[in-house]
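Below is one structure, written out as structure tokens; comments come after it.
The values are calculated or read from the model by the stated rules, or taken from the named source; none is laboratory data. Bear in mind the structure is a predicted one, so any value in this text is a computation, not a measurement. Every residue, glycine as well, gets a Cβ built from its backbone with ideal geometry; the counts of neighbours run over all protein chains shown.
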Amino acid sequence: MNTEEVAKKVVELVRKQAWYEALELYDDNVVSVEAYSAGGGSPETRGKEGVRGKIDWWVNAMEIHSFDAGDPFVGNDRFVVQYDADVTDKNSKQRRKLSEVGVYTVKDGKIVREEFLPRVD
């Protein structure tokens with residue numbers, strides 16, 4: 001797949017909340033970077049299994065009321081998608097709206113890097 005095809009597939013799967021199915025689009029050695037680290041650890045996760053762990057956390061920690069992915073912006077080997085979510089943290093019961101962009105790099109038809117940047121209010 002080229003970058004545009006990967007981008008469209010990511011959006012299609014995320015809109016269905018098919019998080020685990022989207023793993024097929026990732027390189028085994030992908031680097032995933034969050035804007036902030038959780039619990040003082042590194043904001044960077046390496047490898048497809050590390051991304052699977054982030055998905056596990058998301059699914060187990062959040063009740064998802066709605067989740068939307070915008071159409072991708074694509075250029076050469078990179079694409080950007082805006083995500084908007086309405087979630088409740090299952091532990092604190094706090095409901096909140098989240099908005100961020102994912103910036104992705106594609107090589108040989110697979111995502112090799114993703115970085116998430118939250119909107120600052």
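Of all residues being acidic (Asp, Glu) and free of Cβ contacts under 8 Å to residues at least 12 places away in the same chain in the stretch 7-44, which is farthest from ALA85 (Cα to Cα)? Just the residue, please.
From the stretch 7-44, those acidic (Asp, Glu) are 12, 21, 24, 27-28, 34, 44; that's our starting set.
Add one more test, that the residue is free of Cβ contacts under 8 Å to residues at least 12 places away in the same chain, and what stays is 12, 21, 24.
On the way: GLU12: 16, GLU21: 19, GLU24: 23 Å.
Among those that are acidic (Asp, Glu) and free of Cβ contacts under 8 Å to residues at least 12 places away in the same chain, it is GLU24.
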With the checklist (1) on the phi < 0 side of the Ramachandran plot; (2) under 12 Å from the mean Cα position of the chain (by Cα) in hand, flag the one item GLN17 doesn't pass. (1)
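Aliphatic (A, V, I, L, M) and either in contact (Cβ under 8 Å) with a residue 12 or more places away in the chain or closer than 24 Å to MET1 by Cβ (or both): which single residue out of VAL120, VAL51 fits that description? I'd like the intermediate steps shown before the answer.
Details: VAL120 fails: either in contact (Cβ under 8 Å) with a residue 12 or more places away in the chain or closer than 24 Å to MET1 by Cβ (or both).
After applying the criteria, what remains is VAL51.
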Which of the residues that make up the stretch 46-76 are within 18 Å of LYS107 (Cα to Cα), touching a strand residue (DSSP E or B) at 6+ places or on another chain (Cβ under 7 Å) and surrounded by 15 or more Cβ atoms within 10 Å (Cβ to Cβ)? GLY47, LYS48, VAL51, PRO72
Take GLU100 and tell me if it is at pLDDT 95 or above and assigned to a helix (DSSP H, G or I). no
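For the stretch 1-75, please list each of the strands (runs of 3 or more DSSP E) lying entirely inside it that holds at least 3 residues being at pLDDT 95 or above.
Details: elements: 26-33, 44-46, 62-69, 73-75.
Counting at least 3 such residues, we get 26-33, 62-69, 73-75.
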May I ask you to verify whether ASP86 is of a type in the set (Asp, Glu), farther than 21 Å from ARG119 by Cβ, part of a strand (DSSP E or B) and modelled with pLDDT of 95 or more? no
